[in-house]
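Shown next, in structure tokens, is the structure this report addresses.
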Amino acid sequence: MNEQAQRQRVAILGSTGSIGTSTLDVLARHPQRFEVYALTAATQVELLLQQCLQFKPRYAAMASATHASELAARLRTAGARTQVLGGAEALVEIAAHAEVDAVMAAIVGAAGLAPCLAAARAGKRLLLANKEALVVGGNYFMQTVRAGGATLLPIDSEHSAIFQSLPEDPATWSQRVDKIILTASGGPFRTRDPQTLRDVTPEQACAHPNWVMGRKISVDSATMMNKALEVIEARYLFGLPPERLEVVIHPQSVIHSMVQYSDHSVVAQLGTPDMRVPIAYGLSWPERMASGAAPLDFHALAAMTFEPLDAPGHAQRYAGLQLAWDALRGPSGTTAVLNAANEVAVAAFLERRIRFDQIHAVNLQVLEVITPAAPGSLEDLLALDVQSRARAAQSVQALAA
């Protein structure tokens, strides 16, 4: 078999976001191993155009027909042969395409659920950077992964760290592992007076001290809702009950997460805060390959510190974190309700329609009102998402009045 035939064909869903661009950076370092087969984006025509010209994918897709038409015209002008698709159905088609070997799922929000399920059904190597596929999909998503024979590899730095620290045989996890410990940086307001959180601006909330991320996930990090979603994700990825999932604040973001075993030994994964590390691991697993990230310099490393969640002020700063365990103990589908409410609330904050501290109020109100029936299909999940968003929008409107 020749080298070209041996290369893995990779589709990147959300190639213009931070995870997508980091994935392309890693792939560019290993042209002999990977082929960029398809790229997708929501609205960033210019950046997707440049990516298509550089990597020459077979397909490119945009969320709207208007943006797709613009991209297609500009690619034709440039003499490129990339075929352009448009609409949500295009993402599903690409994710399940017979010639795609691996799918990087990096679309933010519930919009990424349908293509993730399509990739799972088609038995792909699914590199999951989209928290919502698990948070919204829950048991249904994991059942689809198993039924399709897909290989599910976490890309979030925390979940990749856990995956690297667990025993190789998943059948032994519940017996050999005491608990999973997710680390959290604490975001930009870890030492801020909780009484002043009502005055936080979107610009302040998006200024993460360690990571370069999109606006929505940056706000989630500031509220710690990002960590709440990661707790939910860990529950479904690794199968441990909620009471065996723990969060500790580690401001330096050097230890990305830990696993405590039944003998109380702890295995941790360390590295520089660079998403190219978990991306490279997911692409090359079970092997390893160069990521482009700087090595960890222990001689220059500052002291590593840890703070419990019950440290003074943290209960007020991170009120939403407890909702993870509450939602996991609720009826099946409750985590989807929480995710939808939070997306609406964060969007309203970024639009300056509600205050930073009111994000939690919206989430709490929606969880109190909606008691879901167990979702048994994608349609059930999407209907629950729509219902939860509508109720969250009402809460936002009331708070903004």
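The values are calculated or read from the model by the stated rules, or taken from the named source; none is laboratory data. No experiment lies behind these values; they were computed from the predicted model shown. Every residue, glycine among them, receives a Cβ derived from its backbone with ideal geometry; neighbour counts consider all protein chains shown. For the accessible areas, the whole protein counts, side chains as well, though only heavy atoms, and no ligand, DNA or RNA atoms are used. Shrake-Rupley method; radii C 1.70, N 1.55, O 1.52, S 1.80 Å.
Odds and ends about this structure:
- Breaking point among (1) assigned to a helix (DSSP H, G or I); (2) open to solvent by less than 40 Å² (accessible area, probe 1.4 Å); (3) among the aliphatic types (A, V, I, L, M), for Leu382: (2)
- Residues in segment 289-300 that are within 23 Å of the chain's Cα centre (by Cα) and in contact (Cβ under 8 Å) with a residue 40 or more places away in the chain were compared, and the one that is most open to solvent (accessible area, probe 1.4 Å) is Ala290.
- Hits in segment 15-49 - residues which are open to solvent by less than 10 Å² (accessible area, probe 1.4 Å) and either at pLDDT below 95 or assigned to a loop (DSSP other than H, G, I, E, B) (or both): Ser15
- Matching residues in segment 50-63 - criterion: being within 23 Å of the chain's Cα centre (by Cα) and either of a type in the set (Asp, Glu) or open to solvent by less than 40 Å² (accessible area, probe 1.4 Å) (or both): Gln51, Ala60, Ala61, Met62
- Selection of segment 247-288 for residues being among the hydrophobic types (A, V, I, L, M, F, W, C), more than 30 Å from Gly320 (Cα to Cα) and open to solvent by less than 30 Å² (accessible area, probe 1.4 Å) yields Ala280, Leu283.
- Residue match in segment 352-363 (condition: in a helix (DSSP H, G or I), within 30 Å of Gln143 (Cα to Cα), open to solvent by less than 10 Å² (accessible area, probe 1.4 Å) and touching a helix residue (DSSP H, G or I) at 6+ places or on another chain (Cβ under 9 Å)): yes
- Exclusive hit being out of contact with any Gly (no Cβ under 6 Å at 6 or more places or on another chain) and surrounded by 23 or more Cβ atoms within 10 Å (Cβ to Cβ), set Ile94, Ile107: Ile94
- Ser265 hydroxyl-bearing (Ser, Thr, Tyr) and in contact (Cβ under 8 Å) with a residue 24 or more places away in the chain: no
- Residue that is nearest to Tyr318 (Cα to Cα), among those in segment 155-201 that are of a type in the set (Val, Ile, Thr) and in a loop (DSSP other than H, G, I, E, B): Thr191
- Among the residues of segment 168-210, those that are within 19 Å of the chain's Cα centre (by Cα), open to solvent by less than 40 Å² (accessible area, probe 1.4 Å) and in contact (Cβ under 8 Å) with a residue 24 or more places away in the chain comprise Ile180, Ile181, Leu182, Thr183, Ala184, Ser185, Gly186, Gly187, Ala205.
- Options Ala398, Ala336; residue that is in contact (Cβ under 8 Å) with a residue 12 or more places away in the chain, more than 20 Å from Gln204 (Cβ to Cβ) and in a helix (DSSP H, G or I): Ala336
- Matching residues in segment 76-92 - criterion: being without any contact (Cβ under 8 Å) to a residue 60 or more places away in the chain and under 30 Å from the mean Cα position of the chain (by Cα): Thr82, Gln83, Val84, Leu85, Gly86, Gly87, Ala88, Glu89, Ala90, Val92
- Test: residue in segment 80-87 that is touching a Cys at 6+ places or on another chain (Cβ under 7 Å) and either on the phi > 0 side of the Ramachandran plot or open to solvent by 10 Å² or more (accessible area, probe 1.4 Å) (or both): yes
- From Ala311, Ala324, Ala303, residue being open to solvent by 30 Å² or more (accessible area, probe 1.4 Å), of a type in the set (A, V, I, L, M, F, W, C) and either out of contact with any His (no Cβ under 6 Å at 6 or more places or on another chain) or in a helix (DSSP H, G or I) (or both): Ala303
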